[in-house]
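Structure record follows, encoded as structure tokens.
The values are calculated or read from the model by the stated rules, or taken from the named source; none is laboratory data. Note that the structure is a prediction, hence the values are computed from the model and not measured. No Cβ is skipped: glycine too gets one built from the backbone with ideal geometry, and neighbour counts run over all protein chains shown.
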Amino acid sequence: MPKLYVLVGPPGVRKSTWVRQNLVDPHVVSYDRAVDIVREPLGLRYDDVAGARGAQFRKEVEAVHREMQKGAVESGKDIVVDMTNMTVASRRRALSVIRGHEDEYEKIAVFFDFLGAEAGVHAAVKKRAEEEGDKTLSPEIVQGMMDRFVMPTEAEGFDKIVVVTPEHIRELKIRQLLSTIVRETLLREARQAPVAAYLRFGDPRKVAGGVSVIHDPYAYAYAEEPALAAFEPGETPPRLRSEAGISAYPVVLEEPGRIVFRIGNGMRTFSHQLGDFLMDRLMEDDIWIFKARRIPGAMGTDDEPLIDADTVRRPQQITADNLYVTALDTGDPSRDASRAEKLTDLLVPWDLMAYHDMGYNEFFKRKDVSREEIEAYIARLRVKFTRPEQVRKINELEESWLAEWNEDHSVNHH
């Protein structure tokens, strides 16, 4: 008895690969293949025909697809409906290719088990698009397919449900399970840790899922995390890992007018970070102090503690004006605090200038910047950075931006 295989699974689970490896010369009904039949003679890409730009080809593709369906039974071969078929309605349409001949076929739903490895599906779709430069699908479309998924059952008209777990999905499931076990263990231990004060650049309550992405030269990048999907195991640099916590700096001293926090990566490295990815937080005073429990043994990129996001209490936004930083960890908080340096004094002039080394339009990311906005921003810089060498760089920046602004508006005026 011939067989009808209805494949069920989102993009990226290698349904077509399974067909090639397990079936001998079946009649394949595939919308993707219909697109290929239309595009290949024209030398077009898949996205040119099936994407938003391919509206003029839609009728032709659908006509080819209908011919595939009509010729299925006539072929006398096993039939494969190679589409996502994620819903009951879509599988009903798939079964219709043998309408009137249902009793002549063994009807098999082949479910590609992606459940629990959804992030891996996103990673696989993205990787395929990057490698082929084609077949691009937005994460929203892929997620929508998975959200609408309904498990196939024999009640839909199938004689058998076969479950397939592709190797790359199986590996992701194992990694994700192990990652979950490790995280749950760490978080359970964190509940027993003492509550202490911590400081963070950025609201600790806004870290997505309470999970940090950590640059780690000794760790592999696993694609079960969406943020890591662009990296392969062993790829360098950067190798990344995800941690069940949010990075923060321990507060050594907290008193009116003075807060001292500890860094673990040295003053020189930290000063460069101030002039780089921490600068926006610094200028917006997006700096927070809070109480929380540390996850035992968990460390961030720069050897800072990782905090259990669920234990964050009493977050309070503060300014950089009264912040001091120390790299010492002598075991004597008073001594460490006594040798702390003012946070804003750490920013070296070169980093300050490098951060702003662009035209004012590019910096503000728009073209209608007023002279008053430039002057207001410069004024904020002057308030935060007062060392003579910092002030000289701010003066140079002001002169450069205002000269550029005057030239732009002089040209526009004429």
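If you go through the range 250-278, how many residues are part of a helix (DSSP H, G or I), of a type outside the set (Gly, Ala, Ser) and touching a residue at least 60 places away in the same chain (Cβ under 8 Å)?
4
Give me the pairs, please: first residue somewhere in the range 398-414 and farther than 11 Å from residue 359 by Cα and in the same structural domain as residue 354 (by TED's automatic domain parsing), second residue anywhere and modelled with pLDDT under 85 and assigned to a helix (DSSP H, G or I), beta-carbon distance under 7 Å, and either six or more positions apart or on two chains.
none
Would you mind stating whether residue 282 is over 21 Å from residue 194 (Cα atoms) and either under 30 Å from the mean Cα position of the chain (by Cα) or not assigned by TED's automatic domain parsing to the domain that holds residue 382 (or both)?
For residue 282, the condition - over 21 Å from residue 194 (Cα atoms) and either under 30 Å from the mean Cα position of the chain (by Cα) or not assigned by TED's automatic domain parsing to the domain that holds residue 382 (or both) - is met.
Go through the residues of the range 129-140 one by one and say whether even a single one is part of a helix (DSSP H, G or I), touching a Gly at 6+ places or on another chain (Cβ under 8 Å) and either surrounded by fewer than 20 Cβ atoms within 10 Å (Cβ to Cβ) or at pLDDT below 90 (or both).
No - not one qualifying residue is present in the range 129-140.
Pick out, from the range 302-398, the helices (runs of 4 or more DSSP H) lying fully within it that include 2 or more residues that are in contact with a strand residue (DSSP E or B) (Cβ under 8 Å, 6 or more places away or on another chain).
It comes to 333-338.
Do the conditions hold for residue 42, that is, is it free of Cβ contacts under 8 Å to residues at least 60 places away in the same chain, surrounded by fewer than 22 Cβ atoms within 10 Å (Cβ to Cβ) and more than 25 Å from residue 166 (Cα to Cα)?
yes
If you check residue 329 against the conditions, is it in contact (Cβ under 8 Å) with a residue 40 or more places away in the chain and loosely packed, with under 14 Cβ neighbours inside 10 Å?
Judged against the criteria, residue 329 is a match.
Within the range 26-48, work out how many residues are of a type in the set (Asp, Glu) and under 16 Å from residue 81 (Cβ atoms). Walk me through it before giving the result.
Filtering the range 26-48 down to residues of a type in the set (Asp, Glu) leaves 32, 36, 40, 47-48.
Narrowing further to those that are under 16 Å from residue 81 (Cβ atoms): 32.
So the count comes out to 1.
Only one of 293, 281 is charged (D, E, K, R) and either in a strand (DSSP E or B) or at pLDDT below 85 (or both). Can you tell me which?
Going through 293, 281 in turn, just one is charged (D, E, K, R) and either in a strand (DSSP E or B) or at pLDDT below 85 (or both): 293.
Test of understanding: among 89, 72, which residue is surrounded by 14 or more Cβ atoms within 10 Å (Cβ to Cβ) and either closer than 19 Å to residue 159 by Cα or modelled with pLDDT of 90 or more (or both)?
One residue alone meets the criteria, 72.
When the range 46-59 is examined, which residues are found to be buried (at least 17 other Cβ atoms within 10 Å of the Cβ), within 31 Å of the chain's Cα centre (by Cα) and not acidic (Asp, Glu)?
Result: 46, 49, 50, 54.
Of the residues 108, 161, only one is at pLDDT 85 or above, in the same structural domain as residue 36 (by TED's automatic domain parsing) and surrounded by fewer than 17 Cβ atoms within 10 Å (Cβ to Cβ); which? Don't jump to the end; show me each part of the working.
Numbers: 108 fails: surrounded by fewer than 17 Cβ atoms within 10 Å (Cβ to Cβ).
Result: 161 is the single residue among 108, 161 that is at pLDDT 85 or above, in the same structural domain as residue 36 (by TED's automatic domain parsing) and surrounded by fewer than 17 Cβ atoms within 10 Å (Cβ to Cβ).
State all residues of the range 146-167 that are under 16 Å from residue 14 (Cα atoms) and within 19 Å of the chain's Cα centre (by Cα); if no residue qualifies, say none.
146
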